[in-house]
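Each remark here refers to the structure printed beneath this line.
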Amino acid sequence: MASSDEILTTLKILIIGQSGVGKSSLLLRFTDDIFDPDQPATIGVDFKVKTLSIDGNLVKLAIWDTAGQERFRTLTPSYYRGAQGAILVYDVSSRASFERLEPWLQELNTYATKSNIVKMLVGNKIDKDRVVTREEGLQFARRHSMLFIEASAKSKEGVQCAFEELVQKVIQTPGLWESDNRQGFSLQRGGEEAASESWCSC
Amino acid sequence: MKNSEPVDVLSMDVDDQFEDFTTASDWEQFTARLEQLLSEWLGKPVEPENVTNNWVVIQEKVTFSDFPFNFSYYRRVTTAELNDGSSIMESMEPVNTSPSYPPYILRMLSSEPDFPPCSTPCPVSEFFSLEEFAVLTSTAAEPVHKESRLKLLLSSACIALNNTTCNFPIFIQYHGWNQNYYYGVAESGGVRTAFQMIRLKSVMIPTYLSGLIDVFKSKIGQSLSAPIIITAHFFYNMNAWHEDFTYDSFPPELFDVLKVEHTENSGVSGETDKESTRVSINQWSQFYSQTTIIPFGSMDDPFSSLELVCGWPTLTDDIVVDSSTYTDLEPENSPEWHFSLKLDANADFRLRDVIEGIWNLNTEYVSIKDVLGKSIEDNEDTAQYTSALDRLTADPVSQLPVAGINTVIGSAHRRLLYSPSLYSDLPPISSENIDASLRFLFPDADPNPSLPYPSSFDRVPDLKKDATINFWENLQGVKSAPIGSLVWRLATLIGNLHAYNGGNMAVAHMWTEFVLELRYRLEKSTLICGLERGAPNSNSCLLNQKLQMLNCCIEKKIARAEKENEKNVSEDVEFAEPEQESEDDDEFFDCDDTINSNANEIAVAKFVKPTGRLRKCGRLRLLNTGEPMYIPITQDPAPLTEDVVEEQAKILVELGNDAEGSEMRAKMMSASLLSDMEAFKAANPGAILEDFVRWYSPRDWIESDDIDKFGNKIGELSARMKVPGNLWIDVWSTAQSVPVRRQKRLFDDTREAEKVLHWMGNQTLSDICHLLFPCIVHAAALKVAEEAEKLSLDYQLPVNLPQQVSQLSRCFGHICGSASETNAAKNLVLSSLSRCEGEITQIRSFQHKFPSIDLTKILKAKQEHKETYGPDFLPKHIKIEGGYRSDVGKTIREIFIKEQCVSHLLESENEFKFGKPAKRVFVLKYIPPKSIANESVGYLCLPQRMSCLVKEDLFVSAGTFSLRTDLG
Ligand SMILES: Nc1nc2c(ncn2[C@@H]2O[C@H](COP(=O)(O)OP(=O)(O)O)[C@@H](O)[C@H]2O)c(=O)[nH]1
Ligand SMILES: [Mg+2]
């Protein structure tokens, strides 16, 4: 099935969250499989592309990385439009980053143009000493109907899975995306689980 | 009458039909092909894709020598059968007769009523009362019209039937396609049946029942051992509604609505308006959505005529008299009345016209200027045009178009085009009407407007019906303008103007006036009313965003002017003590773009004087000087419309996916960072990058627990900020100390405003179609829901229409789908909307004519028996319980009487008679008693049938005559 290298669809994914929680590092880990501690702090928005194979279908991801600083937050939301998926990141070693998640969600709900956009919560930096428990993250995600996963850009844990899970969910959401080449897509619909956290086994 | 004599298939001998052996092989091939198809059809299970309106239809091509034919198979299936997929063979009801009759004869014996007839894909089923048959039709240039050829084909059919044990007839369409004229043959179970038609245009034939009985008897024999069973149906038509019964939706004339004078309780006053109370649907459409100006319904009655059918389902030849001198068959004596309303296929529907009209602009790639071109160029050149603008805008008060308009708000409508003094041509829209239109769009020019904008655009009417409530809620996702806002009013107004008040010219005229008013407002620093305040809302349509953008610019302009005034009042603001500066977050600041050329020198000159401070940044002190750290006044980010965002995003994407691309992007986006750094430096002389980071990106400042001499926690920049040559260090080193008021503006409102107005002025009709269409379909969908809500019965709005409208609304603007996708989405929505408009109008018309009929019950019955009631929304042949004597019966009589009054056929109502029916249908059946069914020979031992249709100048009969073949 993966024989055809035609792209099924192009998806726009956002990464948002406070500055320093590791958004750019997660993205770099996902796209280039490296961790660069010297990566500069993002200014405004940045952008990366990666093609992913989901159930034998190629999906092109255009991932928009945003700067989390207060001042940039007036600039970045205009780039939210048209996004099918959003990854909201916090740092498990910083309670402050966890406690300020709510405003990000509000902003997302205000500016995202697709009402059924798929949202994922990622607790990053699990290689460090955590101050936010997994249960707390899970609860937050459940309350806001988000996917949830913990990860580390440094150790690589959970990163690939986070993106794959998100894309899978987007593809399964009817009306959220449009096929680039109008070919059939082999849908493997997940069960209609009530809470939408993912229990990733990869 | 040539060809009117039936070919006697029964006496035809198959074997001596051909002498020519060259045709023999063609003929054999042909017959073999028929056989093959028949056997295919025989065992075929019902496949839903072959079924329409409860009929299985399969078509195949066959050729006889070089002559092409269509060979079609028809079989009626019941809904139950369709659902469980069983085959027709099992569903034949067993009849208690001993002889094994073929199904088409069994059907004659069943007591199933002939009326109302089921919908059918082929008239053969109605003529001969059949549920399964096949038809051969020539597809060559000429039809089968030679008798010899007909015989040849019938003999093929006969052989094919014999060889396949098919128990349904095969028909040949004979003598032209447009005359429904068929011959058929069936052969099964020892019975051969001829299906014959007679079609006469002359009046030589018997048209009364007595004569028809004679014809029937002369065919099957005179000494019948059972009476002839007769069914009769007489059809009466009413073609001109008297005004008492005509339904017309009479929507208000546009300018009557717009010119309504202000009265005490007409407007909604913002103050007394309680946001929580829901308004009635009527109030809502009049004051909140302005959907009153959207026309709805048909121009004339949606029904062109009424057909009354008087039926006598069970008569016998010994009890009824119908002859040229006397008849028992008068409508008043009929035990069974049915009626149908026939749709007027040419009816014009207003809502559909409006939407289609605007959509048709889609292909008009002509600019507004060119549409109006002649009028403008003939009368004035561009220079004068511009100077006229200057003149008008220079002195607003003296140029007021209508005396008495209050200028408190500082706004009045400007008109240039077709100003009577400048133009001889008549304008597309009269100046009086333009005035009314502009007051409708910009009611704030009037101190006491009759249709002011509501204080908020999200009011919902008090809806009572679940279907409407759901529909309404599902329309939330439409990307148009806020309901009842300026763009909404503009779209519905232009939709109406285009359809009823001047077409393309009127659109161009209105648009131009609209743009002139916008320019006027910009020049006069008057905010545009009827818009949501704030930056462009990306969930609204592009036109709404553009106007919001323009309003942002006007807002900036007003604020700058105010600032200027203040400056004049106290020149020394800039040198005031920092502590006295405002603490207000929202205070407006703007940059003067005239003084920034030698920012450098100014920065040096004023090095020690802090400027542009907003407020202290907590308790932080600068690392080097120990001075309190101040948050600088910063520039607001530029408001953006979606098309601009999209263009910027495209540029960012085009920079590539690699590190270099990322760096370029960061540089492009660092303009606001530079502005903030410069403002920070100006507000905090002696500050270093570390200080800036502590305010701007505190998480990149890693603190320890130790305290320095100024009370700051000792700390250091994060690793990523320390990387040599990173952009933050770069930008900091180039940043001068410049307060925002001396910086170059990130958002140049003068330029942006000009861009919007230029863009508005350069639209083609096609562009305008795209800009207005989201609002038009949204308003149309709400209009439909509103009308459904107002009905006295529950009307089922299409469940997926809101979703389709939402999808369509997203096809326009900057991100648009392909033309074909948009077109498909539009067709889907338009056909749904028109269907609703048509059906709601039919309901209204029906209820107007027959207030005593419970339409809900009828519609429900139709839902359950689709196959008998036809494809239209209202069922055909609605049964009138109680017939002539019922209320409905009396209403129908009244309708007929009034029609004759209209056409002056009646002196007084007492003279009324239904008169001659337009059409009469008789079915004559002979059913032999069981005693002789197996004994005798000839026609009299088998059931026989003849149906006749009699009109003024046409007689058609269809006979089903059977003989036994096995008895000799
Ligand atoms: N230990 C650890 N550090 C991380 C991880 N992800 C990011 N960082 C560090 O956190 C800081 C901020 O990372 P960055 O990706 O720039 O965050 P952003 O501002 O959200 O884009 C950098 O110094 C990274 O090296 C992680 O998973 N584990
Ligand atoms: Mg970053």
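The values are calculated or read from the model by the stated rules, or taken from the named source; none is laboratory data. From a predicted model like this one, the values you see are computed outputs, not experimental measurements. Cβ placement follows ideal geometry from the backbone for every residue including glycine, while neighbour counts extend to all protein chains displayed. With ligands, DNA and RNA removed, areas are computed over all heavy atoms of the protein, side chains included. Shrake-Rupley method; radii C 1.70, N 1.55, O 1.52, S 1.80 Å.
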Expected integer from the mean partner chain Cβ neighbour count at 10 Å over B:313-320 is 0
Residues hit by the 20 Å² burial cutoff in the stretch B:518-542, accessible area with a 1.4 Å probe, assembly against chain on its own, are B:538, B:539
Each label sits 7 Å from Cα toward the beta-carbon; between residue B:651 and residue A:53 the label points are separated, in nm, by 3.9 nm
Taking every C-alpha to C-alpha distance in the stretch A:1-132 and binning by 10 Å from 0, the per-bin percentages run 12, 41, 33, 12, 2
So, relative contact order of the stretch B:648-784 in percent, Cα under 8 Å, 6 or more apart, is 24 percent
When A and B pair up, the total accessible heavy-atom area removed from solvent (1.4 Å probe), in Å² to nearest 100, is 2900 Å²
Amide H neighbours of residue A:58 at under 5 Å, excluding residues fewer than 5 places away on the same chain, with H built from the backbone geometry, are A:8
Under the Karplus relation with 6.51, -1.76 and 1.60 and θ = phi - 60°, whole-Hz ³J(HN,Hα) for the stretch B:793-804, x at Gly and Pro, equal 10, 7, 10, 7, 6, x, 5, 8, 4, x, 4, 5
Quick calc: nm separation of the 7 Å Cα→Cβ label points for residue B:256 and residue B:328 -> 5.6 nm
Residue span residue B:365 to residue B:902: 0.36 nm per residue of separation minus Cα-Cα distance leaves a gain in nm of 188.4 nm
Calc'd 3J(HN,Hα), the stretch B:654-665, phi into Karplus 6.51 cos²θ - 1.76 cosθ + 1.60 (θ = phi - 60°), Hz, glycine/Pro = x, comes to 5, 5, x, 9, 9, 4, 4, x, 4, 5, 4, 4
Measure of exposure for residue B:505: accessible area at 1.4 Å probe, Å² rounded to 10, is 70 Å²
Computed over chain A: longest principal axis from alpha-carbon atoms vs helix A:134-143 long axis, angle to nearest 10 degrees, is 60 degrees
Rounded to the nearest 0.05, FRET efficiency between residue B:567 and residue A:71 (Cβ-Cβ, R0 35 Å) equals 0.80
Taking 0.36 nm per residue of separation between residue B:163 and residue B:336 and subtracting their Cα-Cα distance, the length gained on full extension comes to 57.8 nm
Quick tally, 1.4 Å probe accessible area for B:66, A:55, sorted with the most first, runs B:66, A:55
If the label point sits 7 Å along Cα→Cβ of residue B:59, residues of the stretch B:161-184 with amide N under 16 Å come out as B:173, B:177-178
Of all stretches in chain A that avoid trypsin sites (Lys or Arg not before Pro) placed in a DSSP loop and having at most 12 other Cβ atoms within 10 Å, the longest is A:1-181
Expected sort for B:247-260, B:697-710 on mean C-beta neighbours within 10 Å, highest first, is B:247-260, B:697-710
Amide H proximity to residue A:83 below 5 Å, modelled H, separation 5+ or other chain, gives A:113, A:114
When all Cα-Cα pair distances of the stretch A:131-174 are considered, the percent exceeding 14 Å is 58 percent
Note: A:62-72 gets an average of partner chain Cβ contacts (10 Å, Cβ to Cβ) equal to 4
Placing one equal point scatterer on each C-alpha of the stretch B:34-73 and summing with Debye, one gets log10 I(q)/I(0) at q = 0.18 Å⁻¹ equal to -0.56
The Cα radius of gyration of the stretch B:99-155, divided by 2.2 N^0.38 Å with N its residue count, comes to 1.47
Relative contact order as a percentage, chain A, C-alpha pairs under 8 Å and 6+ apart, gives 24 percent
Along the stretch B:746-754, Karplus-curve 3J(HN,Hα) (6.51, -1.76, 1.60; θ = phi - 60°) to the nearest Hz, with x for Gly and Pro, reads 6, 10, 8, 5, 4, 5, 5, 4, 4
Probe 1.4 Å, all chains present, heavy atoms only: residue A:53 accessible area in Å², nearest 10, is 60 Å²
At 37 °C in a medium of viscosity 0.692 mPa s, the stretch B:134-251 has a Stokes-Einstein diffusion coefficient, with Rh taken as the Kirkwood radius over alpha carbon pairs, in µm² per second, of 178 µm²/s
Residue A:127 neighbourhood, Cβ < 10 Å, K/R = +1, D/E = -1, net charge +3
Averaged over residues of B:720-726, the number of beta carbons from other chains lying within 10 Å of each residue's Cβ is 4
A chain fully extended from residue B:248 to residue B:140 at 0.36 nm per residue, minus the present Cα-Cα distance, gains in nm 34.1 nm
Within the stretch B:439-455, the residues whose backbone N lies under 17 Å from a label point placed 7 Å from the Cα of residue B:558 along the Cα-to-Cβ direction are B:442-447, B:453-455
If amide H atoms are modeled at 1.01 Å from N in the peptide plane, then the residues at a separation of 5 or more from residue B:480, or on another chain, having amide H under 5 Å from its own are B:541
